[in-house]
Amino acid sequence: MKPRITVHPKYKIGEISTRLYSAFLEPIGNMVNGFMYNPKHPMSDEQGFRKDVIELLKSTKLPAVRLPGGNFVSAWQWKDSIGPQKDRKVHLDPAWYQYIPNNVGHDEYLQWAEKIGTSSIYTVNLGTGNLQDAMDCVEYSNHKGGSYWSDLRKKNGHENPYGIKTWCLGNEMDGHWQLGSWEKNPVGYGNLCHEASKAMKWIDPTIETVACGSSASFMDHYPEWEAKVMDQCYDTVDYLALHHYHSAKPGDILSLLGGSLYYEDFINTETAMLDYIQAKHRSPKKVNISFDEYGAFEREFKPLNPGYGPYNMARVHYQADPQRQYVLHDPDNMPVREFPGGDMIKLLSMTSVQLAMLRHADRVKISCMTGGLGALCANDHDHVWKSASHYAFLQLLEFAKGTSLQVIVDSPTFDMSGYAIDDTSQYTGKNNVNYIDSACAWDEKNEHLTVFVINRNLTEEYPLEIDIKAFEGYTKVTHYQMFSEDFDRKSTFEKPWDKPEINQNTEIKNGVAQTEVKPLSWNVITFEK
């Protein structure tokens, strides 16, 4: 069977948000200490930020970064992280068993984002924090002056407001691993979101807020928990946050790359829930989705422990580990936190999820990739370089603009067996999954059409037809491709990844492009008038 993709300008999904391809930053591993911040580095600036990292990230024009984010934020006291560094308080981070000296504090996070030319999506502490802390944070960050907190910002060296537009109301507040978890009280969390969103917008009416949904589709309370949350705060919040990390056993590449289908199931369910709450509230407002943590990677399976049922995962987090010690990290001596596999498996697992986001651009308006900063800026203690993921991410930033269009894919298929990674992360399996994975963006204003294609097949190169007959005059075609004969190849500073090459065999005739796609390859095929 010869694979074929068909796109048509009439079949629009929705407008593509400029923040659809953003990144997520949390002070875990070396992402802050070592990568972002290392005052001993030969290229550090006056604040201790690595200029080599700043310069490379700035060149990508990354639209947004969610920070400081993650489990860390549910105990972080931002007020103790501002002002002269010598006067800042050192706290414990119970989420990751680390000391937080606050060398990188509230202002540093936001100023670093300014330096790399991106917008901040800020997460407030609604775990151990309270409504007043959130209000004060907005006032400190966004009010022009004349109040205690805004004048304190000026005193601390930032005359103009930061102008943070998007505020996340806590992090994974349904999770039993979260400090101050609202797992057992979604109505209470929904009420808190309602009041926090209202109060924060009274401080700055230009902002938008994001309520937490289920931390994964595996949660026992999914999707009832977030339905109860949204029933309380639908009228005041703007987004529902979703998180998901897809995993497959090392070597099971088809299950890894087919995992985007589970993301789509998640999005479809939450979209239906949001529309139900909208109808229940008789509201003209449509709440959209912020998929502000996601990833896909190979992962060793843990043995199941039958008998504990839904409480097995909870037991891990309800108990304290007497052997565990708090660590004070040295930014100049941090190990690189790296997912397994070569560059191409990282690229394909990343882009497979990103194409799923593009196929749901009508409702997913923010998505922040965990590891997105590392994908754009591969690094070690001394250097930064461009990995394969850098180029693929950059192509999505460049070409995924305008309107997302439906793609009709006819291709050979495969079946994914169900599997369980641990007691909670269990996948039901999928049948008749296309080897050809695709999404499409149409920049109508600039007369530019892009079809993104992944060939999931491990061994077979496919001839491919792309039918764009309905796009009159789009006769110029360029096919960028990325693949590797050595699938385990890893890029380094000494041997960075090559730029995407041009497939010279691609041509278009009578509105149908003819080309071929390599096994386990990433393809960006653009059409212009």
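The values are calculated or read from the model by the stated rules, or taken from the named source; none is laboratory data. All values derive from a computational prediction rather than experimental measurement. Don't worry about glycine lacking a Cβ; one is built from the backbone with ideal geometry, like all the others, and counts go over all protein chains shown. Heavy atoms of the whole protein, side chains included, go into the accessibility calculation; ligands, DNA and RNA do not. Shrake-Rupley method; radii C 1.70, N 1.55, O 1.52, S 1.80 Å.
Here is how the numbers come out for the structure above:
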read-out	value
Strands (runs of 3 or more DSSP E) within the range 349-410 that include 3 or more residues touching a helix residue (DSSP H, G or I) at 6+ places or on another chain (Cβ under 9 Å) and crowded, with 20+ Cβ neighbours inside 10 Å	364-370
Where a residue in the range 51-75 is free of Cβ contacts under 8 Å to residues at least 40 places away in the same chain and its partner, wherever it lies, is surrounded by fewer than 23 Cβ atoms within 10 Å (Cβ to Cβ), with Cβ under 6 Å and at least six apart	LYS51/MET43; LYS51/ASP45
Every pair of residues 6+ apart whose Cβ atoms lie under 8 Å, when the first sits in the range 228-243 and is within 24 Å of MET369 (Cβ to Cβ) and in contact (Cβ under 8 Å) with a residue 24 or more places away in the chain while the second is of a type in the set (Gly, Ala, Ser) and part of a strand (DSSP E or B)	VAL237/ALA211; TYR239/ALA211; TYR239/SER290; LEU240/ALA211; LEU240/SER290; ALA241/ALA211; ALA241/SER290; LEU242/SER290
Residue in the range 306-322 that is open to solvent by 70 Å² or more (accessible area, probe 1.4 Å) and at pLDDT 95 or above present	no
Residue in the range 454-470 that is under 29 Å from PRO340 (Cα atoms), among the β-branched types (Val, Ile, Thr), open to solvent by less than 30 Å² (accessible area, probe 1.4 Å) and in a strand (DSSP E or B) present	yes
Qualifying residue in the range 265-273 (condition: within 21 Å of the chain's Cα centre (by Cα), surrounded by fewer than 24 Cβ atoms within 10 Å (Cβ to Cβ) and modelled with pLDDT under 95)	no
Residue match in the range 35-48 (condition: open to solvent by 30 Å² or more (accessible area, probe 1.4 Å), touching a Lys or Arg at 6+ places or on another chain (Cβ under 9 Å) and among the charged types (D, E, K, R))	no
Filter pass, TYR239 being among the aromatic types (Phe, Trp, Tyr), under 28 Å from ARG456 (Cβ atoms) and open to solvent by 20 Å² or more (accessible area, probe 1.4 Å)	no
GLN504 at pLDDT 95 or above, among the polar types (S, T, N, Q) and closer than 28 Å to LEU254 by Cβ	no
Residues that are assigned to a helix (DSSP H, G or I) and under 23 Å from the mean Cα position of the chain (by Cα), drawn from the range 182-234	CYS193, SER197, TRP225, GLU226, ALA227, VAL229, MET230
So GLY175, is it assigned to a loop (DSSP other than H, G, I, E, B), touching a Ser or Thr at 6+ places or on another chain (Cβ under 6 Å) and more than 14 Å from TYR122 (Cβ to Cβ)	yes
Residue match in the range 64-78 (condition: open to solvent by 20 Å² or more (accessible area, probe 1.4 Å), of a type outside the set (A, V, I, L, M) and farther than 20 Å from MET173 by Cβ)	no
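Okay, residues lined up against (1) open to solvent by less than 30 Å² (accessible area, probe 1.4 Å); (2) hydrophobic (A, V, I, L, M, F, W, C); (3) part of a loop (DSSP other than H, G, I, E, B):
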| site | (1), (2), (3) |
| --- | --- |
| ASP107 | yes, no, no |
| GLY117 | no, no, yes |
| THR123 | yes, no, no |
| GLY129 | yes, no, yes |
| MET135 | no, yes, no |
| TYR140 | yes, no, no |
| GLY146 | no, no, yes |
